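Undergrad: Before anything else, here's the structure in question.
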Amino acid sequence: MATETKPPTSVLASTEIGSGTIADIDEDPDSPDANWMVATGNNVDTDVRVDFDTPTDTLTVGADLQEFKSHVRQFDEGQSGTPQVRMELWEAGVLVRAGSDENVTTGGHTLSFTWNANELSAGSGADVECKIIGTKSGGAPGARNAVDYGAVEWNVDYTVGGASRRIVLSS
């Protein structure tokens, strides 16, 4: 087995993003830069769906071996509300599985979503997509808050040489 990290290659879809491009989210979520894809305001639900280059070889099947990571923040930390965010695994434009909602804390929040390659129809990972969905906090105007996006990556676990083979030698 081997591993590699894949940054996103393009934004396939987004909702309520006022500024930012793929260049603003294509770095390591554990050490993001200062660039962001920013919500259009504090009272909107946001989302971003990205794709990745095909991994070097066949994905390794096993629980939690594939991982999406993302770094997000609150649109306005001066608001009292706490928005939520979740990550989803998509393949070729179709939802495969959604993760759990998490609160977006002040100072930024790095989240992880692990999954098994057997959830995909193609073992190559060629059509893997990640969608990150931000749910606004509601209430009074001073409590409303949305989610901005700062970084995304796919930590790939793959099998060198593709599928393993078993050779039986007899005498």
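Undergrad: Against the condition surrounded by 15 or more Cβ atoms within 10 Å (Cβ to Cβ), over 18 Å from VAL156 (Cβ atoms) and in contact with a Pro (Cβ under 7 Å, 6 or more places away or on another chain), how does VAL85 come out, does it pass?
TA: Criteria not met by VAL85.
Undergrad: Taking GLY20 as the residue in question, decide whether it is out of contact with any Ser or Thr (no Cβ under 7 Å at 6 or more places or on another chain), in contact (Cβ under 8 Å) with a residue 24 or more places away in the chain and buried (at least 19 other Cβ atoms within 10 Å of the Cβ).
TA: Yes: the conditions hold for GLY20.
Undergrad: Something else: Could you check region 29-51 and list, in sequence order, the residues that are under 14 Å from SER70 (Cα atoms) and surrounded by 15 or more Cβ atoms within 10 Å (Cβ to Cβ)?
TA: Within region 29-51, PRO29, PRO32, ASN35, TRP36, MET37, ASP47, VAL48, ARG49, VAL50, ASP51 meet the criteria.
Undergrad: Take the residues of region 118-134 that are farther than 17 Å from HIS71 by Cβ and within 15 Å of the chain's Cα centre (by Cα): which is surrounded by the fewest Cβ atoms within 10 Å (Cβ to Cβ)?
TA: ASP127
Undergrad: For region 57-115, which residues satisfy the criterion of being basic (Lys, Arg) and within 11 Å of CYS130 (Cα to Cα)?
TA: If the condition is that a residue be basic (Lys, Arg) and within 11 Å of CYS130 (Cα to Cα), then LYS69, ARG86, ARG97 are the ones that fit.
Undergrad: Give the number of residues within region 100-117 that are in a strand (DSSP E or B) and either touching a residue at least 40 places away in the same chain (Cβ under 8 Å) or buried (at least 18 other Cβ atoms within 10 Å of the Cβ) (or both).
TA: Residues in region 100-117 being in a strand (DSSP E or B) and either touching a residue at least 40 places away in the same chain (Cβ under 8 Å) or buried (at least 18 other Cβ atoms within 10 Å of the Cβ) (or both): 7 in total.
Undergrad: Considering only residues of region 27-60 that are among the hydrophobic types (A, V, I, L, M, F, W, C) and more than 14 Å from the chain's Cα centre (by Cα), which is farthest from GLU88 (Cα to Cα)?
TA: ALA34
Undergrad: Name the residues in region 66-99 that are out of contact with any helix residue (DSSP H, G or I) (no Cβ under 8 Å at 6 or more places or on another chain), within 26 Å of GLY41 (Cβ to Cβ), part of a loop (DSSP other than H, G, I, E, B) and in contact (Cβ under 8 Å) with a residue 12 or more places away in the chain, would you?
TA: PHE75, ASP76, GLU77, THR82, PRO83, GLY99
Undergrad: Exactly one of these conditions fails for ALA63: (1) over 18 Å from VAL147 (Cα atoms); (2) in a loop (DSSP other than H, G, I, E, B); (3) touching a helix residue (DSSP H, G or I) at 6+ places or on another chain (Cβ under 6 Å). Give me its number.
TA: Of everything listed in (1) over 18 Å from VAL147 (Cα atoms); (2) in a loop (DSSP other than H, G, I, E, B); (3) touching a helix residue (DSSP H, G or I) at 6+ places or on another chain (Cβ under 6 Å), ALA63 misses just condition (3).
Read-outs: derived from the displayed coordinates by stated rules, not from any lab. Please read all numbers here as calculations on a predicted model, not as lab measurements. So basically every Cβ, Gly included, is an ideal-geometry build from the backbone, and we count neighbours across all protein chains shown.
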